[in-house]
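Trainee: I'd like to ask you about the structure that follows.
None of the figures in this text is laboratory data; all of them are computed from the coordinates on show. Every value quoted in this text rests on a predicted model; they were computed, and no experiment measured them. Neighbour counts are summed over all protein chains in view; Cβ atoms, including those assigned to glycine, are modelled from backbone coordinates with ideal geometry.
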């Protein structure tokens, strides 16, 4: 069974931490589990773009997954899920809002001319 097959069989964030032997703070994982896993995926996609995943064997892939999971966990130890803005709803919450368009009413419309 390949490493990717084993990872696909895991169902909780805690299982990922245990399998990859990454120490974690249960309170942080309890609050930010989805955010941590999503951030790990973002880091892995970044590695994929850099070509690190395509030629990696199981040992190198294990080390890369371990590193990215530890990095993702550290992100949420240092700040909150809202500050990290991993999900679109959090990004949209701070996006600048466009100025509402104010209709122009000419003075002549008010005077009846």
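Trainee: As a check on your grasp of the helix formula, calculate [θ] at 222 nm for the chain: sum -39500 (n - 2.57) over DSSP H runs of n ≥ 4, divide by the residue count, round to the nearest 500.
Mentor: -20000 deg cm²/dmol, from helical runs alone.
Trainee: By how many degrees, 0 to 90 and rounded to 10, does the Cα axis of helix 26-50 deviate from the longest principal axis of the chain?
Mentor: It works out to around 90 degrees.
Trainee: Once both labels are modelled 7 Å past Cα along the beta-carbon direction, what's the residue 45-residue 63 spacing in nm?
Mentor: Roughly 2.6 nm, to one decimal.
Trainee: With the alpha-carbon atoms as the only input, what is the per residue convex hull volume for the chain in Å³?
Mentor: Per residue, the Cα convex hull of the chain comes to 173 Å³.
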